[in-house]
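I have placed the structure first, in the form of structure tokens, so that the comments after it can refer back to it.
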Amino acid sequence: MNDSTQAGYLTPTSLPPDYDEQLEREISRWIRGISGLPDGMVLPRWTAVQPSIPVAGSDWCGFGITRMRLDVYPAEVTVDDDSNARWQQESFDIICCFYGPSGMAYATFFRDGLFLEQNNAELNRAGLSLRDCSDIIPAPELINNQWQRRYDVTVILRRKTVREYGIKSLVEAPVQFFGE
């Protein structure tokens with residue numbers, strides 16, 4: 001049993017939001033859509049199987065989730081007599097490193113496009129919203145003994161997560177009152 005009628009640990013009974021590769025795919029589509037980089041030129045960092053770095057002289061972006069935060073005070077809400085939900089806000093810091101001869105241009109396309117309502121509407125469809133954006137920081141990188149232009153911008157995305165647990169409501173208690 002995975003509910004409060006038995007002693008022991010409870011695990012969520014609802015499906016989790018996207019994490020790991022599914023979340024990275026969504027972020028990749030978002031970066032590509034706003035920056036205008038072509039397919040295959042927005043690559044996740046720190047994956048088990050590393051993709052090949054595009055050839056020198058190519059414009060591309062490498063991104064990675066560098067921090068994941070939770071709000072301090074989640075909310076617990078009764079869904080029905082058989083379950084409760086925990087509502088929580090998560091934030092993700094995502095570093096986006098734009099490389100190539102037009103790296104600065106792509107970084108500014110991305111930064112400026114973050115604040116367009118239509119672009120945010122697309123992000124909202126994935127359950128995410130923009131919270132903040134850093135300055136663009138030049139950070140040239142030596143790759144294969146060749147200096148590459150690199151421009152970093154960090155964005156913070158937020159989302160609400162809802163996890164349901166089998167916490168039963170106390171509907172009636174088998175208690176008898178007697179005496180005065």
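Read-outs throughout are calculated quantities, based only on the coordinates presented, and are distinct from any laboratory measurement. All values reported here derive from a predicted model rather than from experimental measurement. Methodologically, a virtual Cβ is constructed for each residue, glycine included, from the backbone with ideal geometry; neighbour enumeration extends over all protein chains shown.
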What percent does the relative contact order of segment 1-113 come to when contacts are Cα pairs within less than 8 Å and at least six residues apart?
24 percent
per DSSP, antiparallel bridges as share of beta bridges in the chain, % nearest 5, sits at 90 percent
Whole-Hz ³J(HN,Hα) for each residue in segment 98-114, computed from phi via Karplus 6.51 cos²θ - 1.76 cosθ + 1.60 with θ = phi - 60°, x for glycine and proline: what do you get?
9, 10, x, x, 10, x, 5, 4, 5, 5, 6, 4, 5, 4, 5, x, 4
Per residue of the chain, what 222 nm ellipticity follows from adding -39500 (n - 2.57) for every DSSP H run with n ≥ 4, rounded to the nearest 500?
-6000 deg cm²/dmol
Sites L142 and N120, calculated FRET efficiency, Cβ-Cβ separation with R0 45 Å, nearest 0.05
0.80
Calculated on alpha-carbon atoms, Rg and Dmax of segment 59-180 in Å
23.5, 90
How far apart, in nm, are two points set 7 Å out from the Cα along the Cα-to-Cβ line at A56 and at V162?
5.3 nm
